[in-house]
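Below: the structure, in structure tokens.
The values are calculated or read from the model by the stated rules, or taken from the named source; none is laboratory data. Remember, it's a predicted structure, so these values are computed and weren't measured experimentally. Using ideal geometry, Cβ is built from the backbone for each residue, glycine included, and neighbour counts are taken over all protein chains shown.
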Amino acid sequence: MPSAEANHGLVRSWVVSLVENDIDAASVNRKIACLRSYYKFLLRQEVIHKDPMSKIKILKTKKKLPHFVQEADMVKALDQIEFTKILKEFVSIGLGTSLWNGDAFYPN
């Protein structure tokens, strides 16, 4: 089907078919973003005069919960590494603060 013949209903039914086929929401959103960019390009090139993607919204995605390392697991991991006492303390402090972000080395 030529791009100029696509309409909102056709695109929406395609998105619904992707969801019904258990395609992950993030994958569907990437496909929507690609099509949206393509149709914006076609509008700028004046190949089409109406954007079929204008009413299409992205899908909601699941938010991943942060994973925290338990203190006992961290102690076990640090005990398995051959550190000097000072370096071990530095790493223990750094894991509990923002040192790993470089804040201690590159302050604003």
task = Mind listing whichever residues of region 2-25 are in contact (Cβ under 8 Å) with a residue 24 or more places away in the chain and either more than 13 Å from LYS57 (Cβ to Cβ) or not assigned by TED's automatic domain parsing to the domain that holds LEU59 (or both)?
result = SER3, ALA4, ALA6, ASN7, LEU10
note = When region 63-98 is checked residue by residue, the ones that are outside any helix (DSSP H, G or I), modelled with pLDDT under 70 and loosely packed, with under 10 Cβ neighbours inside 10 Å are GLU82, THR84
inquiry  = Whether any residue in region 25-34 is among the β-branched types (Val, Ile, Thr) and either at pLDDT below 90 or on the phi > 0 side of the Ramachandran plot (or both) is what I want to check.
reply    = no
request  = Can you tell me which residue within region 26-49, out of those that are part of a loop (DSSP other than H, G, I, E, B) and either within 28 Å of the chain's Cα centre (by Cα) or free of Cβ contacts under 8 Å to residues at least 40 places away in the same chain (or both), is nearest to LEU10 (Cα to Cα)?
outcome  = HIS49
Residues of region 32-51 classified as in contact with a Leu (Cβ under 7 Å, 6 or more places away or on another chain) and within 24 Å of VAL19 (Cβ to Cβ), total = 1
